[in-house]
Each structure stands twice: as structure tokens, then as C-alpha cells.
1. Is it the case that some residue within the range 2-9 is part of a loop (DSSP other than H, G, I, E, B), modelled with pLDDT under 95, out of contact with any strand residue (DSSP E or B) (no Cβ under 6 Å at 6 or more places or on another chain) and open to solvent by 40 Å² or more (accessible area, probe 1.4 Å)?
2. Quick check on the range 163-177. Is at least one of its residues in a strand (DSSP E or B), open to solvent by 10 Å² or more (accessible area, probe 1.4 Å), of a type in the set (D, E, K, R) and out of contact with any Pro (no Cβ under 8 Å at 6 or more places or on another chain)?
3. Go through the range 113-126 residue by residue and tally those that are hydrophobic (A, V, I, L, M, F, W, C) and open to solvent by 50 Å² or more (accessible area, probe 1.4 Å).
4. Test N148 against the stated conditions and say whether it is out of contact with any Leu (no Cβ under 6 Å at 6 or more places or on another chain) and exposed (fewer than 15 other Cβ atoms within 10 Å of the Cβ).
5. Hey, can you tell me all the residues within the range 151-162 that are crowded, with 18+ Cβ neighbours inside 10 Å and not in a loop (DSSP other than H, G, I, E, B)?
6. Quick check on L103: is it open to solvent by 50 Å² or more (accessible area, probe 1.4 Å) and of a type in the set (A, V, I, L, M)?
7. For the range 137-176, give me the residue count where each residue is among the small types (G, A, S), over 20 Å from L118 (Cβ atoms) and in contact (Cβ under 8 Å) with a residue 24 or more places away in the chain.
8. Give the residues of the range 43-91 that are open to solvent by less than 50 Å² (accessible area, probe 1.4 Å), more than 30 Å from S205 (Cβ to Cβ) and among the charged types (D, E, K, R), sorted by residue number.
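The values are calculated or read from the model by the stated rules, or taken from the named source; none is laboratory data. In this text the structure is predicted, and so the values were computed from the model without any measurement. Don't worry about glycine lacking a Cβ; one is built from the backbone with ideal geometry, like all the others, and counts go over all protein chains shown. Heads up: the accessible areas ignore ligands, DNA and RNA and are worked out on the full protein's heavy atoms, side chains in. Shrake-Rupley method; radii C 1.70, N 1.55, O 1.52, S 1.80 Å.
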Amino acid sequence: MKKYVFIALTLLSSPRAIAQIPYFAGTVGDGKLYGYSSVKFRPGVNRQETYSTFQYGLGDHVATGIDLYTGPDCAYWGALVRYGMKFSKWFQAGGEVIPSFDLNDSFRFAYLTSGLYLNGAISSNGRLFWASNTWWGVRKGDDNTLSNYEYLGYTIPLGEGRSVTPMAGVLHSWLMDEDADAAAGGYVTLGPWNLYVWGNNLLKSHPRVVIGIDFTL
């Protein structure tokens with residue numbers, strides 16, 4: 001699915017957040033399986049992170065699944081429920097809730113992530129499009145977070161189920177407690193597979209990079 005850029009990380013202030021690929025409102029579809037895996041790193045800094053998820057469609061609008069995040073000295077397992085609705089090609093809306101548990105602390109609750117996903121076409125052919133992700137995070141023993149990511153993208157078809165989609169956007173906190181940050185990247189679609197390269201902090205000495213792959217079966 002050309003625009004099924006589905007799963008990534010969570011919040012700007014959580015360990016799973018920055019350099020997130022955009023989420024779209026649609027779910028994987030009834031009886032279908034979605035999988036995604038990625039690695040995040042900063043060139044020159046020894047701080048690697050990974051994220052993987054599998055989701056299964058329980059209907060045309062609902063999906064459920066699990067995810068796993070690992071980073072330096074931490075590991076979290078999450079269970080998620082997701083809903084999405086297409087009102088028109090110009091506007092789609094969806095969201096999900098993900099409670100996550102600490103694998104290094106007897107599987108105790110660590111944080112709750114809630115996301116609101118909006119997206120739609122800008123051009124009549126749907127190649128130029130927009131996406132907005134709003135994230136609310138509740139972390140055990142820490143302050144809540146509320147952040148937003150806005151993106152513009154353009155899909156370049158290559159024929160035979162292949163395409164290239166560059167995207168660019170801005171990440172910011174609704175609490176106005178940090179500087180806004182630019183993000184850019186894109187994905188290559190090869191039939192049921194998508195290959196991603198994403199990043200933020202692009203003007204700093206150690207920008208953050210995400211490399212990922214997903215599939216829909």
C-alpha cells in the first residue's frame with residue numbers, strides 16, 4: 001500500500017520518539033498482517049535503538065497488535081488497538097492507544113501512548129498529500145507530553161506497483177517547552193514492501209537517522 005507508512009515510534013520526550021516516520025489513518029485491512037522493523041542511530045554516537053511491530057486487521061477499520069522497542073539499557077513491550085476511517089480522499093482520520101511495559105522491571109507498566117492521525121490528498125490525483133500526527137504520552141513518574149508532527153509528501157509512480165515518496169515536515173511540542181525541529185526522508189514502495197530512510201536534527205553535528213522496512217500480507 002503506497003501510503004501505508006504505519007508504525008514507528010512514539011513521543012518527542014520518550015525514548016521511542018524522534019525521527020518518526022509518519023502514521024496514516026488507514027489500518028491494514030480485514031484479515032491482513034502488517035509488520036515493520038527499524039533501527040535508529042546517530043552517526044558518530046554509540047546509541048542504537050530498534051523498533052518492531054506486528055498488527056492484524058480485525059475488520060476494515062480496526063487492527064490490534066504488539067510492538068517492541070529496545071535502546072541503550074532499556075526494552076519495552078506494548079499492546080495496541082488501532083482504528084481508522086476514510087471520509088474522502090481529502091480527509092482521513094484514525095488513532096491508536098498503546099500501553100507499554102518495561103521488560104527490565106518485571107513487566108511493570110511504563111507509559112501510555114495515544115495518537116491521533118489525520119491525512120488526505122492535496123492534488124486531485126492524490127500524489128501530493130499531507131499528514132498530521134498528534135501524540136499524547138503519559139509516563140510513569142514523569143510529566144505528560146503533547147506533541148505534533150506535520151508532513152507534506154509527494155508520490156512518484158514508477159510503474160508495476162513501485163513508487164518513490166519523499167516527505168518533509170516539522171516536529172513540535174504543544175506545550176511550547178522546546179524548539180521545533182525539521183524532519184525529512186521518504187520511502188520506496190516495491191509491491192507489498194516499503195523501504196524507509198528518515199531523519200531529524202539535520203543541521204546538528206549528530207543528526208538522527210531511521211532505516212526501516214515493512215510489509216503487508
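1. So far as the range 2-9 goes, yes, one or more of its residues are part of a loop (DSSP other than H, G, I, E, B), modelled with pLDDT under 95, out of contact with any strand residue (DSSP E or B) (no Cβ under 6 Å at 6 or more places or on another chain) and open to solvent by 40 Å² or more (accessible area, probe 1.4 Å).
2. Looking through the range 163-177, none of the residues is in a strand (DSSP E or B), open to solvent by 10 Å² or more (accessible area, probe 1.4 Å), of a type in the set (D, E, K, R) and out of contact with any Pro (no Cβ under 8 Å at 6 or more places or on another chain).
3. Residues of the range 113-126 hydrophobic (A, V, I, L, M, F, W, C): 116, 118, 121-122.
After this cut, where a residue has to be open to solvent by 50 Å² or more (accessible area, probe 1.4 Å) as well, the list is 116, 122.
Looking only at that region, the number is 2.
4. Working: out of contact with any Leu (no Cβ under 6 Å at 6 or more places or on another chain): yes; exposed (fewer than 15 other Cβ atoms within 10 Å of the Cβ): no.
The answer is no for N148.
5. Within the range 151-162, Y151, G153 meet the criteria.
6. Details: open to solvent by 50 Å² or more (accessible area, probe 1.4 Å): yes; of a type in the set (A, V, I, L, M): yes.
Considered against the rule, which asks whether it is open to solvent by 50 Å² or more (accessible area, probe 1.4 Å) and of a type in the set (A, V, I, L, M), L103 comes out as yes.
7. Of the range 137-176, the ones among the small types (G, A, S) are 137, 141, 147, 153, 159, 161, 163, 168-169, 173.
This time we only want the ones that are over 20 Å from L118 (Cβ atoms), so: 141, 159, 161, 163.
Now narrow it down to the ones that are in contact (Cβ under 8 Å) with a residue 24 or more places away in the chain: 161, 163.
Total meeting the criteria: 2.
8. D67, R82
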